[in-house]
Each structure stands twice: as structure tokens, then as C-alpha cells.
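Trainee: Handing you a structure now.
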Amino acid sequence: MRSHIHIPVWKKWASYFTEIVLEHTSSDYNEVLTVSLVKGRLQLSTEEAIYSYADKYDNFRVTFEKMILPEKAHVLLLGFGLGSIPFMLEKIFGKTYSYTGVEIDETVIHLASKYVLWDLKSDIELHQADAVYFVAQDPNKYDLIAVDLFISEKIPPVFEEEDFLESVKENLTPNGVLLFNRLAKTEKELATTKRYYEEVFCKVFPSATYVEIQGNHVLVSDKKALR
């Protein structure tokens, strides 16, 4: 049974006027992890980055709005955070999918279970694991894979290698779609993301495209997945 916490309604209302910090903690992977209420929504952040922000995690929300979402799907989430993706797909898009979540940080898994997962109907199976090793050993196929792998504001280099993308590709169903979240806030980040997209991502997924969101690009493995 998942342990969980109910948040008083007054705190949700108050968070529309000021950030309400619910918990500060740390882990082996993140020196600072903060769970807050911001505009009525749970947010997980480090000192430099936002890891989750419920349905306001616009990188994926905007992408989902542009996609043709199936009625049923088995979804692999590489980098789970507080579970923004299953939260928004269920609460905003009305999709009750089956999820496999991979998160290297045990503390983040604990926070997700405490604050979010108990309130979802979707079937969610969480694994504490390094995404590289999990994907290489996972025999399952997925209709949707979301890559959201950051340590603070940096994507570990191993997840930018062609071999990693090839491994992930093996885990897609024939019509499955991969979404890869990347930063594009600064000129340097934008240039790095564009170079990665053109030289690596499109090499593995020749029919790829991307969705521009302020400060991010979400790379999409197949342009046919978008409306």
C-alpha cells in the first residue's frame, strides 16, 4: 500500500499567491529536493531545475496536445519525477494508461508515492534503476516512451549516445513513439539540442520532428504521431 499525504485545501488556495514549501530533502543524486505547492499544483525542484510540475509541466503537456493519443497504451517513463506525465494524461487528457517508471533516485520515488501516485487510477510500476541498464535488459515493448533524464539541468552524457537511442528504439512497438525532452533556454543549449537532433536523433529516427516549447524542445521519433 502506498503511504500518502493529503494537502489541506487552504494551502492549495494560498499557493496561488505565494509558493508553499511542503518539504525539503536531499539524496545521493540531488543535494536539494523541494516539494512545493505553486498555483495549486505540486512542484518538485532542485536549486537549478524543475523536475515536475503536475499539468503545468508544459514540455510534455504541449506535446501531448499536439499528439494523436491512443485510447490504450503501455508507457515507459525514463526519469519519473513526481509523475507529471501520468498525472496530466489521466487528469487532463482522460487517459488511464499502464506505466512503467524508471527513476534512479530512491528519494524521488518516495516523494512521488507520498504526494501523487495514491491519487491516480492508472497502473504504475516503479523501478529504482539506471535507465541505461534498465532499457538494455527490459524485454517489454511500449507504445510510448518518454525520456526526461536530468541531473539538475544536465542530461548525463550516456543518454545522448546513439547506442542509448538504439536500445530505446528496440523497446518501441511498431507504431510506438519516443519523446525526448531537452533544454533550449540559452543559445548554447539550443545549438547543442539542434546538433543532437540532426546528427544523432534523426540518424536513429529518420522520420523525426520536434515540438518547440519555451526553454525546451521535445524531440519526437515520428512526425506522424503529431496532428
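Laboratory data are not the source of any read-out in this text; all were calculated from the coordinates shown. Bear in mind the structure is a predicted one, so any value in this text is a computation, not a measurement. Using ideal geometry, Cβ is built from the backbone for each residue, glycine included, and neighbour counts are taken over all protein chains shown.
Trainee: Evaluate the Kirkwood expression for the hydrodynamic radius of segment 49-141, namely the inverse of the mean inverse distance over all pairs of different C-alpha atoms, and round to one decimal in Å.
Mentor: 13.6 Å is the Kirkwood radius here.
Trainee: Sort ASP123, ASP222, ASP138 so the one with the fewest other Cβ atoms within 10 Å of its own Cβ comes first.
Mentor: ASP123, ASP222, ASP138
Trainee: Rounding to the nearest 10 and keeping the result within 0 to 90°, find how far the Cα-based axis of helix 187-196 lies from the longest principal axis of the chain.
Mentor: Value to nearest ten degrees: 50.
Trainee: In square nanometres, what is one fourth of the surface area of the convex hull spanned by the alpha carbons of segment 1-81?
Mentor: For the Cα atoms of segment 1-81, the hull's average projected area reads 7.6 nm².
Trainee: Under 5 Å between amide hydrogens, which residues at least 5 positions from THR173 or on another chain qualify, with H placed 1.01 Å from N in the peptide plane?
Mentor: Under 5 Å from the amide H of THR173: TYR142, ASP143.
Trainee: Additional query: Please give every one of the lysines within straight-line cross-link reach of LYS141, meaning a C-alpha to C-alpha distance under 17 Å, and leave out same-chain neighbours fewer than 8 residues apart.
Mentor: In chain and number order, the partners are LYS72, LYS169.
Trainee: Please report, in whole Å, how far the alpha carbons of segment 130-227 spread along each principal axis, starting with the longest.
Mentor: 38, 32, 20
Trainee: May I ask you to list the residues of segment 158-199 whose amide nitrogen lies under 18 Å from a point 7 Å from Cα along the Cα→beta-carbon direction of PHE93?
Mentor: Output list for this probe position: 172-182.
Trainee: For segment 103-113, take each phi angle, set θ = phi - 60°, evaluate the Karplus expression 6.51 cos²θ - 1.76 cosθ + 1.60, and give the result in whole Hz per residue in order, putting x for glycine and proline.
Mentor: 9, 6, 9, 4, 5, 5, 4, 4, 5, 4, 5
Trainee: Which three extents, in whole angstrom, do the alpha-carbon atoms of segment 57-225 cover along their principal axes, largest first?
Mentor: 40, 33, 32
Trainee: Which whole-Hz ³J(HN,Hα) couplings does segment 81-88 yield from phi under the Karplus relation 6.51 cos²θ - 1.76 cosθ + 1.60, θ = phi - 60°, glycine and proline marked x?
Mentor: Values per residue, Gly and Pro as x: x, 8, x, 4, 5, x, 4, 6 Hz.
Trainee: Sum -39500 (n - 2.57) across every DSSP H segment of at least 4 residues in the chain, then divide by the residue count to get the 222 nm mean residue ellipticity, nearest 500. Walk me through the numbers before you get to the answer.
Mentor: Working: 7 runs with 59 residues, N = 227.
Mean residue ellipticity, 222 nm, calculated: -7000 deg cm²/dmol.
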